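The structure under discussion appears below in the form of structure tokens.
The values are calculated or read from the model by the stated rules, or taken from the named source; none is laboratory data. Fair warning: this is a prediction, and the values are worked out from it, not measured in the lab. Using ideal geometry, Cβ is built from the backbone for each residue, glycine included, and neighbour counts are taken over all protein chains shown.
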Amino acid sequence: MIRNFLGPIWAIAWKDILLEIRTKEIVTPVVVFAILVVVIFNFAIEPTPQMVAAVAPGILWVAFTFAGILGLNRTFSLEKDKGSLDGLMLCPVSRDTIYFGKVLGSYLFMLAVEAIMLPVFAVLFNLSLFLPEVILVAATATLGFAAVGTVFSAMAANTRSREIMLPVLFFPIALPVVIAAVEGTAGTLRGDGWSEIGRWVQLIGVFDVIFLVVSGFAFHFALEE
Amino acid sequence: MSQPSRDSLAIKVKGLSKAFGRTGVLRNLDLEVPWGEFLAIFGANGSGKTTLIRTLASLTRPDSGQIDVAGLSSRREGEKIRTIIGVVTHNILLYEELTVYENLKFYGRMFALKDVDQRINDAVGQMGLSHRMHQRVRILSHGMQKRLSIARALLHHPSILLLDEPESGLDQEALGLLQKAIGITKGSLRAVLMTTHNVEYGLSMADRVAIIADGKIVHKESKETLDVAGFRNTYLHFTGSAL
């Protein structure tokens, strides 16, 4: 039963990852964009150690979220443009399965971009971010982004102004996760304990669950003609 | 995988309507396809052929009406229906950057097929694509892509085939392969609904023919009693264009 549910989810994610490895249509522009954001902020604020601790979490999550949006925009537009979304919808799996497969693909892709970004950020701002707390915050917050972003990507793919529509739909809903991620990262850099950071992680976790459940339901309607 | 019921019709459509905005595409359409029958539906552009296929395939939700496929209700049992239908549309429904094998392997996993490699070998063999197995779809010609699209639709050995103008883009050899591939399991529990513009091809394949105009089936006829010239006149009468 579980294998029947998880098998197609992994198949969809595997297919998306393989396509991205072959084409690099998303990862290249997204990584370049994210690095540009970090470089521009680096020159704009001339960071001192005190200032870095204050602004770094915000800059980091600006780079992650905007880069994530660029990637999410392509998640369904490529399927839609090539007509392959119909092929997915003809498979004998529930719409939930398609949703979770696309979420998993987007999630792994966004984590890969973040893994590339962290050392760049560390070098430019002279700040070590390879801390378990930061990785935990990034892993949970990114799941929330992928959960919401996937359903809005499906909705936006049916509109003419999809590149504008996705951020307009995404940011107001994802805002609590962005705020919690920034606060959790800032707490880590300030040296707050697990108890303080854990509260932000819990908050992100609650939103992740809500996003996955509600978005999974909304996804059925997003695919309708 | 679900087994179709012999007790019911392969396809039964009653009062099917679908509109896009204010434009009605299917209007109270009724249709029945028994098991073992190959029905070819002829219609002009915009008559509702593609929307009918998409609605039967559960790609488009109808506004009203009842669709039963192998006795399964499309509203409640879409997932089960998708295990027993194979669909060929205008789009190839394939990933251009994956190879022939990878595409079929992906669909095999989505259909939870057990002997997937054997089925892939059979399907590509039937469509004359064995030597292209490890080539990316992007570099195949349009005709080869269409052949692969048919192999994809046949991979899970569907009982019901929904073919939307499958002959477009295929050469004579490929048309013969398609005819053979459909015929291989003919006589077993199978039904085919095909839309087409090509009268020679449609008549060579079908047991029964129908005409769709303005979103309705306006004419049905068995091929046994068919007079081709008369059928062309009937088509002209209902659609205003020649076959």
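Which one of these is surrounded by fewer than 16 Cβ atoms within 10 Å (Cβ to Cβ), without any contact (Cβ under 8 Å) to a residue 40 or more places away in the chain and more than 29 Å from residue A:40 (Cβ to Cβ): A:161, A:195, A:128?
A:195
Collect the residues in the stretch B:108-124 that are under 24 Å from residue B:191 (Cβ atoms) and either facing chain A (nearest Cβ under 7 Å) or of a type in the set (Gly, Ala, Ser) (or both), keeping them in residue-number order.
In the first step, residues of the stretch B:108-124 are kept if they are under 24 Å from residue B:191 (Cβ atoms); the result is B:108, B:110-113, B:119, B:122-123.
Residues satisfying the conditions are B:108, B:110, B:111, B:112, B:123.
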Practice task
Could you tell me whether any residue of the stretch B:23-42 is out of contact with any strand residue (DSSP E or B) (no Cβ under 7 Å at 6 or more places or on another chain) and either among the basic types (Lys, Arg) or within 14 Å of chain A (Cβ to nearest Cβ) (or both)?
Solution key: yes
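Quick one: which of B:196, B:225, B:239 is over 24 Å from residue B:54 (Cα atoms), among the hydroxyl-bearing types (Ser, Thr, Tyr) and either modelled with pLDDT of 85 or more or out of contact with any Gly (no Cβ under 9 Å at 6 or more places or on another chain) (or both)?
Details: B:196 fails: over 24 Å from residue B:54 (Cα atoms); B:239 fails: over 24 Å from residue B:54 (Cα atoms).
When all the criteria are applied, what remains is B:225.
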Handout entry: Verdict on residue B:211 being in contact with a His (Cβ under 6 Å, 6 or more places away or on another chain) and either over 28 Å from residue A:91 (Cα atoms) or surrounded by 22 or more Cβ atoms within 10 Å (Cβ to Cβ) (or both)
Key = yes
Exercise for the section: Could you tell me whether any residue of the stretch B:81-90 is modelled with pLDDT under 95, away from chain A (no Cβ under 12 Å) and farther than 16 Å from residue B:158 by Cβ? Expected result: no
Practice task
Could you tell me which residue of the stretch B:146-167 is nearest to the chain's Cα centre (by Cα), considering only residues that are away from chain A (no Cβ under 13 Å) and of a type in the set (Asp, Glu)?
Solution key: B:165
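One line per residue, one yes/no per condition, for (1) in a helix (DSSP H, G or I); (2) within 30 Å of residue B:60 (Cβ to Cβ); (3) modelled with pLDDT under 90; (4) of a type in the set (Val, Ile, Thr):
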{"position": "A:114", "(1), (2), (3), (4)": "yes, no, no, no"}
{"position": "A:123", "(1), (2), (3), (4)": "yes, no, yes, yes"}
{"position": "A:128", "(1), (2), (3), (4)": "no, no, yes, no"}
{"position": "A:152", "(1), (2), (3), (4)": "yes, yes, no, no"}
{"position": "A:160", "(1), (2), (3), (4)": "no, yes, yes, no"}
{"position": "A:177", "(1), (2), (3), (4)": "yes, no, no, yes"}
{"position": "A:180", "(1), (2), (3), (4)": "yes, no, no, no"}
{"position": "A:185", "(1), (2), (3), (4)": "yes, no, no, yes"}
Practice task
Could you tell me whether residue B:170 is under 16 Å from the mean Cα position of the chain (by Cα) and not in a helix (DSSP H, G or I)?
Solution key: yes
